[in-house]
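Reading through the structure tokens given below for one structure.
The values are calculated or read from the model by the stated rules, or taken from the named source; none is laboratory data. Being a predicted model, the structure only gives us computed values, none of them experimental. Heads up, the Cβs are rebuilt from the backbone with ideal geometry, glycines too, and the neighbour counts pull from every protein chain shown. The protein model used for the area step is the full one, side chains on, heavy atoms only, and it has no ligands, DNA or RNA in it. Shrake-Rupley method; radii C 1.70, N 1.55, O 1.52, S 1.80 Å.
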Amino acid sequence: MRILKNLFFGFLVSFLGSLPLGYLNIIGVEVYTNYFLESLIFYLIGVLCIEAVVIYFTIVFANQLITNKKWMKNIDFFAVVFLVGLAFLFFKGASPSIQQSDYIKDYIQYSTFVIGMVLCAFNFLQIPFWVGWNLFLLNANRIDLQGTLKLYYILGTLVGTFFGMLLAIVVLSELSTVDFSFTRYILPVVVPVFFLVLAALQARKVYIKYIKT
């Protein structure tokens, strides 16, 4: 039963977390559009290789945090600054005058497997995402990360990420225009706004949890 719970909740969290529009999915659409399914699979495998390492270490970190309320408080406060900083970096790093499709094509001249690994390694948002979810699931007794049980949880998350991203990429590819012109607004507008919304929600959580009380 504990194995099934680890697989299920790992799959559920990662599947839903992979659906929102983000730069990993946007690059994936370009890979799928230009190089078709086989290259997309290698791209996703590259993403999963890095994510497996990140999830493993956030599990170890979460197990330590769960007994240290001071660390948890510091992370809650840091998450607000972190998300605002990400919004600023994406806004400053993306020029509206540059065609986003050209920006994306700079990546896909290399191995799609390597592209997936590199881009996932720079996806720093996954660190607070996984620390937060691991802590929540541990506190709610939804998962058991003792011994080899953590491997089943990681397996569930990787399967969920794979199918979540695959679904999002295929759907976006079908909905997009031939020149994929709407992607020029993703990095300079949509992604920063998305991070600012997350920062606002996190700030509200910090206010209610530590200031209001």
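Output the residues belonging to the range 1-19 that are closer than 21 Å to THR112 by Cα and not in a helix (DSSP H, G or I).
Across the range 1-19, the qualifying residue is only LEU19.
If I ask for residues that are open to solvent by 60 Å² or more (accessible area, probe 1.4 Å) and in contact (Cβ under 8 Å) with a residue 24 or more places away in the chain, which ones from the range 1-19 would you list? Please lay out each step first, then the result.
Keep residues of the range 1-19 that are open to solvent by 60 Å² or more (accessible area, probe 1.4 Å), which gives 1-5, 8, 11-12, 16, 19.
Across the range 1-19, the qualifying residues are ARG2, ILE3, LYS5, PHE8, PHE11, LEU12, LEU16, LEU19.
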*asked:* I'm checking my understanding of the structure. Among residues of the range 182-213 that are among the hydroxyl-bearing types (Ser, Thr, Tyr) and open to solvent by 40 Å² or more (accessible area, probe 1.4 Å), which one is modelled with the lowest pLDDT?
replied: TYR185
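Do you know which residues across the range 139-155 are modelled with pLDDT under 75 and either part of a helix (DSSP H, G or I) or among the acidic types (Asp, Glu) (or both)?
Here is the first cut: in the range 139-155, the residues modelled with pLDDT under 75 are 139-140.
If the condition is that a residue be modelled with pLDDT under 75 and either part of a helix (DSSP H, G or I) or among the acidic types (Asp, Glu) (or both), then ASN139 is the only one that fits.
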*asked:* Can you find, within the range 130-152, the residue that is surrounded by the most Cβ atoms within 10 Å (Cβ to Cβ) among those that are under 19 Å from the mean Cα position of the chain (by Cα) and farther than 16 Å from GLN202 by Cα?
replied: ASN134
